[in-house]
Amino acid sequence: MEELTKNWLGAAIKLTRLRAQMSAAQVSELAGYSSSYVAKIESGKLDPSVVAFAKIAKVLNMSDSEIVWLIRLIGLRETE
């Protein structure tokens, strides 16, 4: 994934998390990932798979249409 895209996706996840008034630890636990994994996504150091992104997005109460739109826009890979 292109560096700018990873940074944009990470920032979008972090902003959504903050707007939901959730900590990174809460999101990590509810999505089933380590805190360091979610932190790397939010900081743009790691690009999540579609599955990982969908789990995190669901924890953040993003709508299905928002999730599908972002996946198509960013072109996330399908493996975890």
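Within region 1-28, track down each residue that is at pLDDT 90 or above, charged (D, E, K, R) and surrounded by fewer than 16 Cβ atoms within 10 Å (Cβ to Cβ).
Answer for region 1-28, where residues must be at pLDDT 90 or above, charged (D, E, K, R) and surrounded by fewer than 16 Cβ atoms within 10 Å (Cβ to Cβ): just 19.
Identify the residue in region 42-64 that is part of a helix (DSSP H, G or I) and acidic (Asp, Glu) and, among all such residues, is surrounded by the most Cβ atoms within 10 Å (Cβ to Cβ).
Residue satisfying both the conditions and the ranking: 42.
Please determine, by comparing only the residues of region 37-71 that are polar (S, T, N, Q) and farther than 17 Å from residue 15 by Cα, which one is nearest to the chain's Cα centre (by Cα).
Filtering first and then ranking leaves 49.
Keeping to region 29-72, report how many residues are modelled with pLDDT of 90 or more and in contact with a Leu (Cβ under 6 Å, 6 or more places away or on another chain).
Result for region 29-72: 2.
Output the qualifying pairs, or none if there are none: Cβ atoms under 6 angstrom, residues six or more apart or on different chains, first residue in region 22-41 and within 18 Å of residue 7 (Cβ to Cβ), second residue outside any helix (DSSP H, G or I).
40/46; 41/48
The values are calculated or read from the model by the stated rules, or taken from the named source; none is laboratory data. Because the structure is a prediction, the values reported are computed rather than measured. Backbone-built Cβ (ideal geometry, glycine too); neighbour counts: all protein chains shown.
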